Amino acid sequence: MQVLMALLAGLVFGLGLIMSGMTDPSKVIGFLDLAGQWDPSLAFVMGGAILVGVVAFRLAATRSQAILGESMRLPTARQIDRRLILGGLAFGAGWGLAGYCPGPALASLVTGGSKPLIFTIAMLAGMVIFEIHDRFSRSPAKKAA
Amino acid sequence: MIDWAHFTPWSSLAGGVLIGIATALFLLFNGRIAGISGILGGLLRPVAGDIGWRMAFVSGLLIASLVYGLAATLPTVHIDADMTTLVVAGLLVGVGTRYGSGCTSGHGVCGLSRLSPRSMVATATFMLAGFVTVFIVRHLIG
């Protein structure tokens, strides 16, 4: 049931990305191009999603368990640190360069040809680099050194 | 100046609402945040019992274009980036979203919906970096 609902949520999320125009990198860059011809569409996508999201998170706050029985797994991290800022800067730079963030890249993968595929492979490589770096920097050997 | 030729307020708002509904379903039924980079990145750090739902969510995203194509014509897209740019951008997005614990969905949609100050800072940071990058590429170099 958990898996089925995750599939449905992913599907609806993807349909939303396609309908909203966010699988088109030129629309994303059109939003980020404040100094040129500005396309505000992305703000409407975020606005529509947050409108529903605010209600959903208010409902979630009243529950100790999810409807399918698992406990609620909400983020607990609150710190605003170097990792958050540097990560955000790197992500934003890549986002501005190609016009893809992770969701639209995955939603474009099956029917979008070679460009989203190359982006996604590089993105996964980036995530692997993070895993390796993270494991190394948190390993006890490093702390002792 | 607003690009009226490309601005799509209604379909973007409707698509955004769908994204919100997907986020709400996942939150209320599964008790989890629909953050794409976290769901995908978690597959690279496999934990028993944690793989099935991640694979399912990603599969849903992947088949969305096929399902959409059954009912309507997929929107045409324009990808200006060349191969080198795509590789550099992909690496930055992969490292950056994991290092910063989230992307447009996790920090942007979910974080702002739950009024998390941490996500507000993250979203402002990647938006700013996006604005500056496009300004440099389009108006200083291009």
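The values are calculated or read from the model by the stated rules, or taken from the named source; none is laboratory data. These figures come from a predicted structure and were not determined experimentally. No Cβ is skipped: glycine too gets one built from the backbone with ideal geometry, and neighbour counts run over all protein chains shown. Remember, those area values only see protein heavy atoms, side chains included, never the ligands or the DNA or RNA. Shrake-Rupley method; radii C 1.70, N 1.55, O 1.52, S 1.80 Å.
Only Lys, Arg, Asp and Glu count, each charged at its Cβ (+1, +1, -1, -1), so figure out the dipole size of chain B about its Cα centre, rounded to 20 debye.
Working: 7 positive and 4 negative charges, 94 e Å.
So the magnitude is around 460 debye.
Tell me the chymotrypsin sites (Phe, Trp or Tyr not before Pro) within the stretch B:1-86 that lie in a loop according to DSSP and have at most 14 other beta-carbon atoms within 10 Å.
Working: sites: B:Trp4, B:Phe7, B:Trp10, B:Phe26, B:Phe29, B:Trp53, B:Phe57, B:Tyr68; in loops: B:Trp4, B:Phe7.
Sites meeting the loop and neighbour criteria: B:Trp4.
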In whole percent, the Cα-Cα distances of chain B spread across 10 Å bins from 0 upward as 9, 30, 40, 18, 2, 0
Rg/Rh of the stretch A:2-140 (Cα atoms, Kirkwood Rh), to two decimals, equals 0.99
Note on the stretch A:111-127: residues buried by at least 40 Å² of accessible area once partner chains are added (vs chain on its own, 1.4 Å probe) come out as A:Thr111, A:Lys115, A:Ile118, A:Phe119, A:Ala122, A:Met127
Out of B:Thr104, B:Leu28, B:Val58 - ranked by how far each Cα lies towards the positive end of the dipole of the stretch B:18-123, with unit charges on the beta-carbon of charged residues - the top one is B:Leu28
The FRET efficiency for B:Ile51 and B:Met1, from their Cβ-Cβ distance with R0 = 45 Å and rounded to 0.05, is 0.40
The answer for A:Trp38, listing residues at least 5 apart or on another chain whose modeled amide H is closer than 5 Å to its amide H, is B:Ile2, B:Asp3
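Which value in deg cm²/dmol, rounded to the nearest 500, describes the helix-derived mean residue ellipticity at 222 nm for chain A, given -39,500 (n - 2.57) per DSSP H run of n ≥ 4 and division by the residue count? Walk me through the numbers on the way to the answer.
Working: 7 runs with 102 residues, N = 145.
When only DSSP H runs of four or more count, the value is -23000 deg cm²/dmol.
Return a whole-number percent for the relative contact order of chain B, with Cα pairs under 8 Å and 6 or more residues apart as the contact set. Numbers along the way, then the final one.
On the way: 66 pairs, mean separation 37.5, N = 142.
Relative contact order, chain B: 26 percent.
Given a 1.4 angstrom probe, what's the average accessible area per residue across chain A, in square angstrom?
Numbers: 6570 Å² over 145 residues.
Normalised by residue count, the accessible surface of chain A is 45 Å².
How large is the translational diffusion coefficient of the protein assembly as shown in µm² per second when you combine the Kirkwood radius over alpha carbon pairs with Stokes-Einstein at 4 °C and 1.567 mPa s? Present the calculation step by step, with values, prior to reporting the outcome.
Details: Rh = 18.7 Å.
Translational D for this selection: 69 µm²/s.
Dipole of the protein assembly as shown, Cα-centred, from +1 at each Lys and Arg C-beta and -1 at each Asp and Glu C-beta, to the nearest 20 debye? All intermediate terms of the calculation are to be shown ahead of the outcome.
Numbers: 19 positive and 11 negative charges, 220 e Å.
With only Lys, Arg, Asp and Glu charged at Cβ, the dipole is about 1060 debye.
Averaged across the residues of B:46-52, what count of C-beta atoms belonging to other chains lies within 10 Å of each residue's C-beta? Please list the in-between numbers first.
Numbers: counts 0, 0, 0, 1, 0, 1, 4.
Mean partner shielding for this stretch: 1.
Given a 1.4 angstrom probe, I'd like the percentage of the accessible area of chain A that is carbon and sulfur, rounded to a whole number. Working shown, then result.
Values: 4500 of 6570 Å².
Carbon plus sulfur share of accessible area: 68 percent.
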Dividing the helical contributions, -39500 (n - 2.57) per DSSP H run of n ≥ 4, by the residues of chain B yields a 222 nm value, nearest 500 deg cm²/dmol, of -19000 deg cm²/dmol
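Please report, in debye to the nearest 20, how large the charge dipole of chain A is about its Cα centre when each Lys and Arg carries +1 at its beta carbon and each Asp and Glu carries -1 there.
On the way: 12 positive and 7 negative charges, 127 e Å.
Dipole magnitude for chain A comes out near 600 debye.
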